[in-house]
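The values are calculated or read from the model by the stated rules, or taken from the named source; none is laboratory data. Small disclaimer: the values here were computed from a predicted structure and weren't measured. Please note: Cβ atoms are built from the backbone with ideal geometry, for glycine as well, and neighbour counts cover all protein chains shown. Just the protein is used for accessible areas: all its heavy atoms, side chains included, with ligands, DNA and RNA removed. Shrake-Rupley method; radii C 1.70, N 1.55, O 1.52, S 1.80 Å.
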Amino acid sequence: MIDRRTLITTGAALAGAMAAPRAFAAPPKGFLWGTAGAAYQIEGGNVASDLWAMEHVKPTLFPTLSGDADDVYNRVDADIAMAASFGFNTHRLSIEWSRIEPERGQISLAALAYYRRVLETCRKHGLAPVVTYNHYTTPRWFAAGGGFMTQDGIAPFVAYCDLVTRHMGDLMAVATTFNEPNINALLSWGPDMRRSAQGLPAFRQAIAAALGAPNWASPITSDPHVQQPIMIEAHARAYDAIKTASGGRIPVGITLALNDDQPFNGDMSGVLRKRSEVLTPWLSAPGDMVGVQNYTRSLVGPDSNMPDPPGTEITQMGYAYAPEALEAVIRMVATQTKRPIYVTENGIGTEDDARRVAFIQRAVQGVLHCVADGLDVRGYIHWSLLDNWEWTQGFGPKFGLVSVDRQTFARTPKPSASYLGKIAKTGRVA
Ligand code: BGC
């Protein structure tokens with residue numbers, strides 16, 4: 001998320017290998033097709049969030065403010081109806097903890113009612129809600145108290161998950177506790193990210209000083225080595241809480257950011273070590289499913305990603321254009337776990353919607369190859385429904401199947417929306 005430019009390297013060209021005709025299976029009944037969004041990136045006005053505070057501290061990592069974002073908070077019913085009109089049967093969304101609990105222990109019944117209505121609207125339009133309890137952002141008070149850098153962060157998160165499940169768990173189809181809790185570990189493999197990570201302590205200090213919060217720890221800027229075991233424990237306890245509060249009905253898991261890691265010069269040592277950092281620990285945590293989130297591939301040297309070879313097609317995020325990476329990642333994850341796999345994010349930042357259509361075609365073909373080979377893949381959820389606020393990159397990269405006018409917030413579907421919708425309706429790639 002923050003800037004994965006440096007993670008993107010190209011490896012051996014898969015395209016040739018993938019060109020041969022392959023068998024496709026129709027996706028199984030109940031296969032989920034849809035789009036995703038995350039509260040902070042689309043709702044607008046999430047003023048009680050740690051991110052809002054960080055956006056406004058100087059110097060900031062976030063030169064473009066999220067502000068009203070896509071004003072989804074006021075337009076969510078129409079957006080959900082629009083997603084359904086394309087032909088999808090699922091919708092992935094996140095709940096903004098800072099709206100539910102803007103100050104510690106102060107619960108907003110209005111916010112609980114709002115998200116319940118969002119899930120009801122999904123159901124009304126035939127979209128099975130895939131709900132993420134935490135998509136990077138936490139309440140400001142939580143970050144000020146040390147976030148997930150301290151064991152004290154576990155109980156408030158578990159209580160929030162319990163509360164949300166009791167209020168709307170009956171409407172959820174799938175629940176994931178954390179979105180990409182492995183992102184910091186993944187990012188640390190980019191050589192440039194290592195350099196910019198050196199600036200993070202200074203940024204954290206600036207925030208701590210500006211906000212008068214010496215223990216400030218927002219998950220997306222915190223040290224993964226300290227934070228990861230605490231988040232794993234938080235996930236495990238939240239898993240139990242969600243299972244209990246839902247009577248065991250909802251499949252619960254996490255989503256993981258995964259690149260198709262390819263060995264540089266045939267040396268697998270880096271690929272294996274990276275996997276042991278970004279994947280293995282999370283598969284040891286409890287879960288009924290794994291959410292796979294893939295955007296690109298990386299060429300991995302012994303201890304960091306290697307640069308893209310000249311001539312590589314690079315997307316707006318600085319990633320190598322690699323739609324086949326998704327199939328490779330699904331196959332790799334399937335060698336590591338028997339849990340059902342859902343593609344919970346896959347997409348491309350581009351102004352050229354024809355490139356998006358081509359990307360979807362090749363990526364979804366890869367998913368169907370996996371299904372044909374008997375892998376337990378249960379859904380393809382595209383990132384994203386709307387062009388949205390891309391964290392440190394502001395409103396620049398365009399991931400949406402639908403564009404959003406930055407002055408009027410008017411939505412305009414792109415050809416890729418009906419393209420993926422047709423796949424969803426027919427189960428076939430045109
Ligand atoms: C994140 C999204 C982000 C997307 C595209 C994913 O890793 O979950 O929040 O917008 O990447 O950069």
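Annotations
- Apart from one condition, TRP389 fits all of (1) within 16 Å of the ligand (Cβ to nearest atom); (2) open to solvent by 10 Å² or more (accessible area, probe 1.4 Å); the exception is (2).
- Helices (runs of 4 or more DSSP H) enclosed by region 187-286 - at least 2 residues per element that are farther than 27 Å from SER94 by Cβ: 191-197, 200-211, 269-278
- Number of positions in region 330-355 that are within 16 Å of the ligand (Cβ to nearest atom) and under 15 Å from the mean Cα position of the chain (by Cα): 8
- Of everything listed in (1) in contact (Cβ under 8 Å) with a residue 24 or more places away in the chain; (2) out of contact with any helix residue (DSSP H, G or I) (no Cβ under 9 Å at 6 or more places or on another chain); (3) open to solvent by 10 Å² or more (accessible area, probe 1.4 Å), the single unmet condition for GLY394 is (3).
- Options PRO309, PRO323; residue that is of a type outside the set (Val, Ile, Thr) and open to solvent by 20 Å² or more (accessible area, probe 1.4 Å): PRO309
- Cβ-Cβ under 6 Å pairs, at least 6 apart or on other chains, region 117-130 side farther than 16 Å from PHE31 by Cα and of a type in the set (S, T, N, Q), far side open to solvent by 50 Å² or more (accessible area, probe 1.4 Å) and outside any strand (DSSP E or B): THR121/ASP77
- The single condition among (1) open to solvent by less than 60 Å² (accessible area, probe 1.4 Å); (2) in contact with a Gly (Cβ under 9 Å, 6 or more places away or on another chain); (3) more than 26 Å from SER384 (Cβ to Cβ) that PRO302 does not meet is (1).
- Members of region 34-58 found to be open to solvent by less than 10 Å² (accessible area, probe 1.4 Å) and either without any contact (Cβ under 8 Å) to a residue 24 or more places away in the chain or within 16 Å of LYS422 (Cα to Cα) (or both), listed by number: GLY34, THR35, GLU55
- Within region 201-223, not a single residue is in contact with a strand residue (DSSP E or B) (Cβ under 8 Å, 6 or more places away or on another chain), at positive phi and either modelled with pLDDT under 95 or of a type in the set (D, E, K, R) (or both).
- From the list ALA78, ALA83, ALA53, the one residue that fits, being more than 16 Å from the ligand (Cβ to nearest atom), touching a strand residue (DSSP E or B) at 6+ places or on another chain (Cβ under 6 Å) and either more than 29 Å from ASP376 (Cα to Cα) or assigned to a helix (DSSP H, G or I) (or both), is ALA83.
- Those residues of region 99-138 which are within 16 Å of the ligand (Cβ to nearest atom) and not hydrophobic (A, V, I, L, M, F, W, C), in sequence order: THR132, TYR133, ASN134, HIS135, TYR136, THR137, THR138
- Failed item in (1) within 26 Å of VAL164 (Cβ to Cβ); (2) open to solvent by 10 Å² or more (accessible area, probe 1.4 Å); (3) away from the ligand (no atom under 16 Å from the Cβ), with ARG273 passing the rest: (1)
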